[in-house]
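The values are calculated or read from the model by the stated rules, or taken from the named source; none is laboratory data. Note that the coordinates shown come from a computational prediction; the quantities given were computed from them, not determined experimentally. With ideal geometry, Cβ positions are generated from the backbone for all residues, glycine too; neighbour counts draw on all protein chains shown. To get the accessible areas, we keep the full protein, side chains included, count just its heavy atoms, and leave off ligands, DNA and RNA. Shrake-Rupley method; radii C 1.70, N 1.55, O 1.52, S 1.80 Å.
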Amino acid sequence: MNEKTGLVLEGGAMRGMFTGAVLDVLMDENIRLDGMIGVSAGATFGCNYVTHQPRRVLRYCLKYRWDPRFCSLFSLLLTGDMFGAKFCYHTLPDKLDPVDHKTFETCGIPYHIVCTDVETGEAVYHRCKTLSGRELEWVRASASMPLASRIVRVGGRAMLDGGITDSIPLRYFREQGYTRNVVVLTQPKGYQKSPSSMMRLIRTVYRAYPALIKAMERRHEVYNAQIREVLEAEKRGEIFVIRPPRALPIKHTTHSAEKLRETYALGRKAALKALPALKAFLEK
């Protein structure tokens, strides 16, 4: 019986430019896996793999990086979202750099995302059947960073960034039957997450959501445990990991074309270097 292959994409806001470059190489090489799950930026950038639109992420991030509707303190103060909800999830994909809806709906690659329920403090998993209407609110929820985004209400839940509870959803995807997985990380080998320095503010802003606060307090512990699981599975040859060779030269947000291109170049280089081993892994 053939094993199902999966693509697991970590988040990381604009560090996702590394992921976007890796996905572009996979598309250039016509490497099509059986399913994909993305968290936060892994979800927002990862959809381009399903729609088979290489270089779209780099194109629109460079073109609109200075547009205050795209990502700015102005947008945060005016709307409550640093990454403008209307612009990023409607204007951009519908009009300015359209998503290929037909390919998304016919390609046969299930597209899953992860969000966090702020009332329960638990991960919520959702398969998007389209990239339009209310389904895009799921994608927005997955990428809605605490303190930099409004809570998103969709599917009868109030939600924020999936990375709060499941930054690397490898275990979940295995449970869904994807036994051979390619994992794309946005942190280098050896990285360990530290407790959030913003916990005092988080406790104040989200005082109505004690379960969310608890999840945020434990976020670094959960993440570091997941990294250990990834390393162990990688050593056993059960998964294939593509990660940055060093800390990426980009922050959660940036307007620098130089930093965007440098991060993208690092992703392409890492993916191209990994190609022979990746193809061998997938052909086992």
Accessible area of the range 219-263 belonging to carbon and sulfur atoms, whole % at 1.4 Å probe: 49
Pairs beyond 21 Å (Cα-Cα), from 63/259; 86/214; 189/214; 235/279; 235/284: 86/214; 189/214
Solvent-accessible area per residue, Å², over the chain with all protein chains present [probe radius 1.4 Å]: 46
GNM top mover of 48, 181, 30 - the chain, alpha-carbon springs below 10 Å: 30
Cα gyration tensor, the range 112-217 - rounded (a/c under 1.5), prolate or oblate: oblate
For the range 1-80: rounded, prolate or oblate by the Cα gyration tensor [a/c cutoff 1.5]: prolate
D_trans [Stokes-Einstein, Kirkwood Rh over alpha-carbon pairs] for the chain, 20 °C, 1.002 mPa s, µm² s⁻¹: 114
Computed Rg/Rh of the range 74-158, alpha carbon atoms with Kirkwood Rh: 0.98
Peptides 155-162, 248-255, 54-61 ordered by average Cβ neighbours within 10 Å, highest first: 155-162, 54-61, 248-255
MRE, 222 nm, helices only [DSSP H, n ≥ 4, -39500 (n - 2.57), over the chain, to nearest 500]: -12500 deg cm²/dmol
Mean-position separation - Cα centroids, the range 1-23 and the range 75-133, in angstrom: 16
Accessible surface of the range 127-169, 1.4 Å probe, proportion on carbon and sulfur as whole %: 44
